[in-house]
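Read-outs: derived from the displayed coordinates by stated rules, not from any lab. Given the structure is predicted, the values throughout are model-derived calculations rather than measurements. Virtual Cβ from ideal backbone geometry, glycine too; neighbours counted across all protein chains shown.
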Amino acid sequence: MAVTKGTRTPQVLVAGAGPVGLALAYELARRGIPLRLIDAKDAPATTSRAVATHPRTLEAYDQMGLVEEMLKRGREIRAFTLFQDGRRLARLDADYSTMPTRFPFTLAIEQTATEEVFRDALADLGVVPEWGTSLERIARDDDGVTVGLSHTDGRDETVRVPWLVGCDGGHSTVRRSLELPLIGEANQTWLLADAPMTSELPPNSIYWVRTDGGTLMAVPLADDRWRLLDTAETDYDGDPGHLAARFERKLSQGLGHQVRIGTPSWVSVFTAQQRMVPNMRVGRCLVAGDAAHVHSPASGQGMNTGIQEAVNLAWKLAMVIEGHARAELLDSYTSERVPVGEALLESTKKATQMIELRSRFTDLALPVIFGVVSRVAPIRKRMQREMLGGMSGLLLSYADRTLTAPDGHGGSGPRPGARLTEVTDSDLTGTGWPALLAALRRPGWLLLAAVSPGVPAVAETVRRARAAYGSWLSVLSVTEAKSATDPEVIPDGDGRVSDRLGLSPGGWLLVRPDAYLLARGPALSPAALSDALGRLPLARPV
């Protein structure tokens, strides 16, 4: 249970109480790390901004214990539909059959709602954002960070903390202080608006609407409101009624039926940029989210990437603070997440180019292309996989990173570097997966071992692992029991866990706190476990 910032010396100062800062603070707080969370704004934001939460982020929310609250506040999106000049060209339904997940959809949830869920969860842990608190000065040394804070009531404060994390957005004070350059380019300007919309469109799809040689997009939100985007006419004279009429005219023409648009509650003219930092750590200071990368909103990946960065960083920072690992562990944050940022910039650049297609040739070619896509199943499935794979985050792997062991095991099941949560709702009918997913919701590492009477050495290794590493490693025995009351036993009587994970008697998997697999093997032994743990810069030798 986390404590309030006043009862123990804060170990981390998190600058920025947007979704990334909130996620990082929550992941640290539920590990018992004392912290302060500050934000220069006077109060939480009231406009929606990011609206798409993809499957891998929903899996992370499930580990946090927050997914049900998120689902209550959003709308499931299960298709992508293209219209051009009044007729529907194609509807691509989401197909995650090659990427098993319990959340085979994108959740349309406004950023304001996402942040509210996090703030409520943090309040239960005794952490409240400090609004109206600006980060003015940063001085670093080998032992910590000294920062100057200014408060809206006129107070100035000097604070000393061991660690500082900048989640303070695209104009990050932390990033500028660290002299980390944002490398990249600027792209086209788009206009975004949130408004009530009445139409014949089912609110379970994202709509790509081409008309007059330009592209609009429409994403359903809660309460009959929609996120609208125009890539061609991006001027805004400040009159929301005039803007609503323009969207109404263009969408009606592009969809082929009359659309009614109410007064927008939010309007933004957004210049998409594709920029990122080459390094996410400088000594005891780190950056995450928009402080580390800014890009087009075309595929709705920005907030998702930032929250997944927060998850990646939190468990590593907690291990260092708690004395289980040396600070070198934090170098893996950069080595694992910078390549993700590079891939993100490339994918959002391509998505931006596709959305902005502006030629007469495009108008002629799209009906032909999507006619083929709609009729030819292999092409349609490949397109769905490529589109969904990048956006969903489900194909992300740390297989070639320094922490991850090489896979010499073969056989079935996830490979080192892949996520462990390749599971569907049908798997939950057994006893094993519900128990394993419950174990994944507890912060910390997991060692899964297929204990069997025929392999007695495994049980002894399990006992020794619990004694040596039990403060940060949960050791779970996967058995053939039909049920179990022991939280250290996964009752896999129907074999669903073993089959999915490729666990034969004596086999084992070492799982990181973010549910990615670090190592696996066919026979658990002290030597095999030592080799796997040796990839971590632990504070005490293995």
Rounded to the nearest 20 Debye, what is the dipole magnitude of the stretch 55-109 about its Cα centre when Lys and Arg each give +1 and Asp and Glu each give -1 at the C-beta?
240
Report the label-to-label distance for residue 483 and residue 459 in nanometres (one decimal), using points 7 Å from each Cα along the Cα→Cβ vector.
2.3
Between residue 97 and residue 235, what's the calculated FRET efficiency when r is the beta-carbon distance and R0 is 51 Å? Round to 0.05.
0.70
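Which longest uninterrupted range of the chain lacks any GluC sites (Glu not before Pro) assigned by DSSP to a loop state (not H, G, I, E or B) and surrounded by at most 11 other Cβ atoms within 10 Å?
On the way: sites that count: 179, 200.
Result, exposed sites excluded: 201-542.
Taking every DSSP beta bridge with both residues inside the stretch 425-533, roughly what % is antiparallel (nearest 5)? Walk me through the intermediate numbers first.
Numbers: 8 of 17 bridges.
The answer is about 45 percent antiparallel.
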Round to a whole angstrom and tell me the spacing of the C-alpha centers of the stretch 281-341 and the stretch 54-118.
23
Built amide H within the under 5 Å cut-off of residue 490, gap 5+:
477, 478, 479
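Mind giving me the FRET efficiency for residue 504 and residue 204? R0 is 45 Å, r the Cβ-Cβ distance, nearest 0.05 is fine. Don't skip to the answer; put the middle values down first.
Details: r = 42 Å, r/R0 = 0.92.
For residue 504 and residue 204, the calculated efficiency is 0.60.
Output the relative contact order of the chain, whole-number percent, from Cα pairs under 8 angstrom with separation of 6+ residues. If you can, show how the numbers build up before the last one.
Details: 1142 pairs, mean separation 83.3, N = 542.
Contact order relative to length: 15 percent.
So if R0 is 35 Å, what FRET efficiency would residue 263 and residue 152 give, r being the distance between their Cβ atoms, rounded to the nearest 0.05? List each step's numbers first, then the result.
Details: r = 31 Å, r/R0 = 0.90.
So, using R0 = 35 Å, E works out to roughly 0.65.
When the chain is fully extended, how far beyond the present Cα-Cα distance does residue 327 get from residue 342, taking 0.36 nm per residue of separation?
Working: separation 15, 0.36 × 15 = 5.40 nm, distance 2.45 nm.
Value of the extension gain: 2.9 nm.
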Hey, what's the per residue convex hull volume over the C-alpha atoms of the chain, in cubic angstrom?
153
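With only Lys, Arg, Asp and Glu charged, each at its Cβ (+1 for the first two, -1 for the last two), find how big the charge dipole of the stretch 425-533 is about the Cα centre; round to the nearest 20 debye. Intermediate results must be reported in sequence, preceding the final value.
Values: 10 positive and 11 negative charges, 58 e Å.
Here the stretch 425-533 has a charge dipole of around 280 debye.
So if each residue of separation counts as 0.36 nm, and I subtract the Cα-Cα distance between residue 271 and residue 425, what length gain in nm does that give?
Values: separation 154, 0.36 × 154 = 55.44 nm, distance 4.01 nm.
Answer, rounded to one decimal: 51.4 nm.
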In the chain, with Lys and Arg counted as +1 and Asp and Glu as -1 at Cβ, which of these residues, 418, 251, 311, has the Cα nearest the positive end of the dipole, that is, farthest along it?
418
Answer in debye to the nearest 20: the dipole magnitude of the chain about its Cα centre, from +1 Lys/Arg and -1 Asp/Glu charges placed on Cβ, is 900
